[in-house]
Amino acid sequence: MEQSLYRFPIKVLTIFLIVTEILYFVGPIKYPNGNLLLLIFYFFILNSALYLGFLRGIAKSKTSYCKVSASLVHILLIVGLFLNIYYLKVLWATHGLSFSFSNLLFALVNPGSAYKGESLETVNVNIITGFLLTPFRWACIPIGICRWKKLNSFYKSILLLTVCIYIVSWLGIGTRKGLMDLILIIFFLSIAANPLIQEDPKSRRKLFVLSIAVIALFLFFFLYSNLSRAGLSNSSELSDLLKQEYRSFYVKRCSPELLSSLSEITIYLCQGYEALSIALAEIGILPITFGGFSMQTWLYLDRFFGYNPIPGTYMYALETRYGIDMYENWHSIYLWLANDFTFIGVPIVVFLIGYYFARVWKDSIHGNNPWSFPVLAYMIIMVFYFFANNQVLSFSLESFLGCVLIYEFSRTLRYLHI
């Protein structure tokens, strides 16, 4: 295969991350940069570690073969549909909502009200469906994309219905994250399942135009939902609420509507870098805090072992010293990883993430092991959200580990039939 295909995802995602970093320095919001040269140098080291780790993974990893029977894929799609319906009900229940068309319609018209709805601390979730089966709930869409051409019309309908259920799950609570995840998954996994897209100019153009249209639609919904959350009717009113210092270049040249829209996008993409900048310049290297790399590990260590890692984390230090809320504000994956590995060890971990990402991508584009696709979907989301937080390990730890275990086990097999 062409090297351009091997490097495609890391090129796209690295360019995206670099754009977010540049936006932090030259965007409409004037962030406190602390030690500017140190932050730029650290970004360079991190981006290089990710890219070089990926290249190393492509060069050194071997592809696997595991033939999965059509009947097993069909069972997975049906089970995945019901699990996603169950997850929808649980997700809505955590916001005090019952599943109904009227609640969905209300959330579409008033996403801000849905987002700020009642949050229940206790929702009864069966341990089997809530923990052990989450990898299969997640895996059904990626594997469905992988085997799309081999599915008959019935199972294609099942997959499309599952996608719709997944979208409704997030729309109903006024949240955009799930939509962005789905866009990323469909885009990259479709290319992995159909590598010839990259070699056909006409297909590439269609994919490019479709991608731009979908991103534009998402940005529209993003800005609309922000207005709704702020209780405003137009974007110009939003600029009055943003407690930020603007760069004069943008103030002089942008209308209030454009300035507030750009600022909202900048806050979304760059908020985590502000915490990183302060931690690098003013806090420095803290002692290693075991289990500090994700919210899920915080929860499990405290619940099962009575050990609370929070007081030793950068998130705690930033909240107590600088008022940066550990739950409301993003901190970038680099700061999360620094809790366990220090700023010196973070580039090594990022290199390993790039290496494993390449291993799974290489397996996926060769198309001989469908179980690589669920892990690939998670790796894409993980790397994409580097700017924000440790997305996958903080919010999908159980499902991610389950998918990884299934994938690694499949690499030892050659056939899997039912």
Taking 0.36 nm per residue of separation between ILE348 and ARG321 and subtracting their Cα-Cα distance, the length gained on full extension comes to 6.9 nm
Starting from the amide H of TYR246, placed 1.01 Å from N in the peptide plane, find each other amide H under 5 Å away whose residue is 5 or more places distant or on another chain.
LYS30
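Contour minus end-to-end for LEU37 and ALA216, with contour as 0.36 nm per residue of separation and end-to-end as the Cα-Cα distance? Mind showing how you got there, number by number?
Details: separation 179, 0.36 × 179 = 64.44 nm, distance 3.40 nm.
That works out to 61.0 nm of additional length.
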Of the listed links LYS89/LYS362; LYS156/LYS362; LYS150/LYS202; LYS67/LYS177; LYS149/LYS362, those spanning more than 31 angstrom between alpha carbons are LYS89/LYS362; LYS67/LYS177
Identify the residues of the range 62-91 with backbone N under 17 Å of a label point that sits 7 angstrom from the Cα of ASN368 along the Cα-to-Cβ direction, or state none.
62-69
Charge dipole (debye, nearest 20) of the range 3-416; +1 at Cβ of Lys and Arg, -1 at Cβ of Asp and Glu:
1740 debye
Given MET382, LEU405, ALA358, which one lies farthest toward the positive end of the charge dipole of the range 317-405, if we put +1 on the Cβ of every Lys and Arg and -1 on the Cβ of every Asp and Glu?
ALA358
Give the lysines reachable from LYS252 as a straight Cα distance under 22 Å; neighbours fewer than 8 places away on the same chain don't count.
LYS30, LYS243
Going by Cα centres, the range 136-156 and the range 282-296 are how many Å apart?
39 Å
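Laboratory data are not the source of any read-out in this text; all were calculated from the coordinates shown. As the structure is a computational prediction, the values presented were derived from the model and not from experiment. Ideal geometry is used to build each Cβ from the backbone, glycine not excepted, and the neighbour counts take in all protein chains shown.
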